[in-house]
1. Counting C-alpha atoms alone, how compact is region 228-292: give Rg to one decimal and Dmax as a whole number, in angstrom.
2. Any of K105/K272; K105/K130; K105/K291; K265/K291 with alpha carbons more than 25 Å apart? Name them for me.
3. About the Cα centre of region 204-377, how large is the charge dipole given +1 on each Lys and Arg Cβ and -1 on each Asp and Glu Cβ? Please answer in debye to the nearest 20.
4. Let me see the P(r) profile for region 204-377: every Cα-Cα distance counted, bins of 10 Å, each bin given as a percent of all pairs.
5. Show me the ranking of peptides 119-125, 81-87, 371-377, 317-323 by mean Cβ neighbours inside 10 Å, starting with the highest.
6. Taking region 288-368, how much of its Cα-Cα pair set, in percent, is spaced more than 23 angstrom apart?
7. Show me, for region 127-142, the HN-Hα J-couplings you get by feeding each phi into the Karplus relation (A = 6.51, B = -1.76, C = 1.60, θ = phi - 60°), rounded to Hz, glycine and proline as x.
8. Determine ³J(HN,Hα), in whole Hz, for all residues of region 351-365 in sequence, where each value follows from phi through the Karplus function 6.51 cos²θ - 1.76 cosθ + 1.60 and θ = phi - 60°; x replaces Gly and Pro.
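Values quoted throughout were computed directly from the atomic coordinates according to the rules given, and no laboratory measurement underlies them. The structure presented is a predicted model; accordingly, all values stated were derived computationally and were not measured. Every residue, glycine among them, receives a Cβ derived from its backbone with ideal geometry; neighbour counts consider all protein chains shown.
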Amino acid sequence: MKRRISAILLAAALMLTLTTGALADGGAVARIESAGLDAPGDAELAVRITGNPGLAAWKLMICWDAAEFTLDKASVRAGEAFSSGTCIFNADTPGQLTVVWYSVKNVTEDGDMLTFRLTAAPDLPDGAYKVELRCSPENTLNAKEERVSLGTAGGTITVGTPSDAGGKPETDPPGTDVPPASGEQPGTPPDPDQPPESGQEQPAAAFADVAADAYYGQAVRWAVEHGITAGTSPTTFSPDQTCTRGQTVTFLWRAAGEPKPLTEKNPFADVKPEDYFYTAVLWAVEQGITKGISATAFGPDAPVTRGQVVTFLHRQEGEPAAEGANPFRDVGAADYCCQAVLWAARRGITTGTSETTFSPDQPCTRGQIVTFLHRAAA
């Protein structure tokens with residue numbers, strides 16, 4: 001029986017580069033994102049670009065398991081940002097879509113490069129399923145026929161509502177935390193986690209949106225008691241909201257005791273002294289926990305993924321080696337977060353979203369992040 005599914009996207013930091021498989025440290029990035037839900041069993045997907053330096057030609061390949069999903073060929077079209085050029089696609093090979101686009105002039109807008117629809121196989125089991133995105137570097141050009149560096153990020157299609165092996169879900173129902181298009185951050189609270197005023201800390205019991213039996217309930221209480229978070233209002237914690245890079249490093253910094261950075265040098269134009277995350281960002285970069293998305297931008301409003309958060313924690317601990325078998329089929333040995341995920345699993349920081357999936361590309365919610373921090377501190 002077909003189920004409603006959603007595309008869970010990879011966030012804007014720690015992306016894999018096309019040519020080397022290493023972590024990208026900024027520049028243009030193309031990623032698979034959700035373009036909204038259609039009929040049950042269908043996932044509307046888009047390849048979106050951010051940081052577009054100007055493109056006149058590109059060639060992309062999207063890959064998935066043909067036994068899990070089929071492509072609706074009639075749904076394939078160039079995105080709105082690239083509608084002025086010529087788009088040619090080939091989908092003769094099951095589980096693979098190759099698209100070539102070209103124009104006589106540069107397109108400099110951020111937005112959809114490509115949209116398409118995948119349909120789940122009947123009775124596909126609940127779980128997380130990877131959709132890969134690849135690029136041909138020699139065909140990524142500007143109008144001067146110069147090569148343009150373009151990083152990529154695949155996505156994960158989640159069928160059903162995954163839960164961890166112990167029955168305590170670490171993820172939210174599909175579709176609730178799909179990261180937004182460029183420039184939109186509905187997961188960011190209007191006044192995100194300002195440090196609580198003296199005497200104003202809210203116990204978790206005061207949060208109307210934190211049930212006593214929620215998997216993150218104890219972690220929220222711990223986080224509030226330790227001054228790691230004050231909630232998004234006096235009565236709400238917003239556990240299902242996607243966490244941003246700024247919020248995440250702030251949580252890490254507070255959990256570490258709010259240490260003062262050794263230097264006040266700030267290379268980031270989007271991090272100001274008046275920002276609540278200012279000191280946390282300087283500390284996190286100084287400690288090698290995270291990097292900016294470019295030499296001059298940190299991207300504090302960009303959402304983070306589960307894979308990125310455990311990577312931050314792993315780096316904070318000095319990147320200890322992880323031994324033993326890998327239980328997660330969606331975390332490959334070459335993935336940037338592999339060692340961090342295995343380490344986190346051995347430490348009991350995460351139990352995955354099922355017995356065989358970790359869902360590294362899913363956006364990490366506030367409830368998940370405080371749970372990770374709480375378990376890491378145990």
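1. Looking at region 228-292, its Cα Rg and Dmax stand at 12.4, 37 Å.
2. Working: K105/K272 36 Å; K105/K130 34 Å; K105/K291 33 Å; K265/K291 14 Å.
Too far apart for the 25 Å limit: K105/K272; K105/K130; K105/K291.
3. 220
4. Per 10 Å bin, starting at zero, the Cα-Cα P(r) for region 204-377 comes out as 10, 38, 36, 15, 1 percent.
5. Working: 119-125: 14.4, 81-87: 16.0, 371-377: 20.3, 317-323: 11.1.
For the peptides 119-125, 81-87, 371-377, 317-323, the packing ranking is 371-377, 81-87, 119-125, 317-323.
6. Details: 635 of 3240 pairs.
Result: 20 percent of Cα pairs exceed 23 Å.
7. My calculation for region 127-142 gives x, 10, 10, 6, 10, 8, 10, 10, 9, 9, x, 6, 10, 9, 10, 9 Hz in order.
8. 10, x, 8, 7, 5, 10, 9, 10, 6, x, 8, 6, x, 8, 8
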